[in-house]
Amino acid sequence: MPLTPYTRPADGQVRLLTKVARMYHERGVRQADIAAALNISQAKVSRLLKRAESVGIVRTIVTVAPGVYAELEEQLEEKYGLAEAVIVDVDPEADEGELLASLGAGAAAYLEATLSGADRIGVSSWSQTILAMVDRMRPFTVRGATEVVQLLGGVGAPEAQSHSNRLLGELARTLGAEPVYVQAPGVVGDPAIRDSLLQDPSMQEVARHWNELTMAIMGIGSIEPSDALAASGNAFAAEERQALLDQGAVGDICHRIFRADGSLVRGALDDRIIAITVDGLRRIPRRVGIAGGERKLEAIHGALAGDWVTTLVTDLRSAEALAER
């Protein structure tokens, strides 16, 4: 701010303030060495530096690094009530594989910078985006979390089973955490089977872990399943997907289907899912959704509108489209 008649120090003080500020900020001299050179106390050096800021001799300018979109992230956070938005720079010409790789790398960097070591993390089982993240994480030198728990049944067709197991197992190994598997399919034939499985002691133990989660890391799915989900045998049949579309469905998180306004699509299909409950999911304090690309845009918007996630990791073009809505 400009020096006004009310804030301007005396000329001698201006000189001293400027000298101290230049020594500290431009030449990198330590406060103790400034004090010795100018024959004043270190406490006075500290006071002078604060005074230099308050009267405008020193001004802080934040320079945004290339590939960082802080202003757009803040815009999304304010618009959708997010705790944090993370925007990943992706080549506009990138194909689906390159998009997944970029989102995975961005999500991996975000987790590596923010995990506390005490988190209990829930993970969606069949997400290609989450697997891309896991593949790009470096092993933690200290424990990154205490446990990682599947949020959705992780048992599927044998040819696809390795996806779910590798996702959870590799993430647990990388973080130095204990893995907790859901030894059941994500979707079963009818509600009676689901109810019976949920009463099994092993599922009761999983439910206990679900209630203790502090964080969830989830893919945001469109109604059309990913290749991994389709191959697993845990996707809804084509006629069931059409029924969901007729009810306004746009996307899902852990097989919980929602509309464009974020509201849950209830009914017979929802009663066949073995996954954390919607209320249980919403009780998790930190819910990270990772998704991007035009195909997922409606699903991402629905997830934001319904407060399904508290943190979003997405690509630049999707972020721009979401900000314009």
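Computed values, structure above
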read-out: Residues of the stretch 22-56 that turn out to be β-branched (Val, Ile, Thr) and within 42 Å of the chain's Cα centre (by Cα), as a count; value: 3
read-out: Selection count, the stretch 71-114, where residues are over 20 Å from VAL309 (Cα atoms) and among the aliphatic types (A, V, I, L, M); value: 4
read-out: Residues of the stretch 129-154 that turn out to be in contact with a strand residue (DSSP E or B) (Cβ under 7 Å, 6 or more places away or on another chain) and either crowded, with 20+ Cβ neighbours inside 10 Å or without any contact (Cβ under 8 Å) to a residue 12 or more places away in the chain (or both), as a count; value: 10
read-out: In the stretch 47-85, residue surrounded by the fewest Cβ atoms within 10 Å (Cβ to Cβ) [restricted to those that are in contact with a Leu (Cβ under 7 Å, 6 or more places away or on another chain) and outside any helix (DSSP H, G or I)]; value: GLY56
read-out: Residue within the stretch 237-256 that is in contact with a His (Cβ under 7 Å, 6 or more places away or on another chain) and touching a residue at least 24 places away in the same chain (Cβ under 8 Å) present; value: no
read-out: Residue list for the stretch 182-204, restricted to those being within 16 Å of LEU151 (Cα to Cα), touching a residue at least 24 places away in the same chain (Cβ under 8 Å) and in a helix (DSSP H, G or I); value: ARG194, LEU197, LEU198, MET203
read-out: Verdict on SER196 being in the same structural domain as MET218 (by TED's automatic domain parsing) and within 23 Å of THR214 (Cβ to Cβ); value: no
read-out: Cβ pairs under 6 Å, 6+ apart, first in the stretch 263-279 and assigned by TED's automatic domain parsing to the domain that holds VAL149 and charged (D, E, K, R), second surrounded by 15 or more Cβ atoms within 10 Å (Cβ to Cβ) and in a helix (DSSP H, G or I); value: ARG272/ARG194
read-out: Considering residues of the stretch 254-296 that are in contact with a helix residue (DSSP H, G or I) (Cβ under 6 Å, 6 or more places away or on another chain) and in a helix (DSSP H, G or I) only, the residue surrounded by the most Cβ atoms within 10 Å (Cβ to Cβ); value: ARG272
read-out: Number of the condition not met by GLY122 [criteria: (1) under 15 Å from HIS255 (Cβ atoms); (2) in a helix (DSSP H, G or I); (3) modelled with pLDDT of 95 or more]; value: (2)
read-out: Residue among ALA108, ALA216 that alone is out of contact with any strand residue (DSSP E or B) (no Cβ under 9 Å at 6 or more places or on another chain) and small (Gly, Ala, Ser); value: ALA108
read-out: Selected residue [at pLDDT below 95 and among the charged types (D, E, K, R)] from ASP271, ASP307; value: ASP271
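The values are calculated or read from the model by the stated rules, or taken from the named source; none is laboratory data. Keep in mind the model is a prediction, meaning the values are calculated, not measured. Heads up, the Cβs are rebuilt from the backbone with ideal geometry, glycines too, and the neighbour counts pull from every protein chain shown.
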